[in-house]
């Protein structure tokens with residue numbers, strides 16, 4: 001979705017009625033420190049008994065913020 005040419009994203013990371021506006025290209029950078037690793041486990045508590053497999057996916061990322069002034073947070077006023 002776009003608003004006046006600016007992309008708008010939905011997320012569950014911010015509570016309802018709150019917002020975050022920012023210049024993400026200039027203000028921060030998403031860096032992948034290690035590639036995602038996927039592991040499968042059969043021996044986890046009752047997995048063998050119930051014929052299940054546990055899957056673990058993990059990776060390391062960093063989000064350095066270069067310019068905190070590039071972001072604004074707030075709460076929408078209710079009328």
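Rule-based calculations on the coordinates, nothing more; no lab input. Small disclaimer: the values here were computed from a predicted structure and weren't measured. Backbone-built Cβ (ideal geometry, glycine too); neighbour counts: all protein chains shown.
Between residue 61 and residue 78, the modelled label-to-label distance comes to 3.1 nm, taking each label 7 Å out from Cα in the direction of the beta carbon. Calculated mean residue ellipticity, 222 nm, the chain: -1500 deg cm²/dmol, from DSSP H runs (n ≥ 4) at -39500 (n - 2.57) each, averaged per residue and rounded to 500. Kirkwood hydrodynamic radius, the chain, all distinct C-alpha pairs: what's the number in Å? Result for the chain, one decimal place: 16.7 Å. Between residue 41 and residue 20, the simple spin-label model (points 7 angstrom out along Cα→Cβ) gives 2.9 nm. FRET efficiency for the residue 29 to residue 54 pair, using the beta carbon distance and R₀ = 30 Å, is estimated at 0.35.
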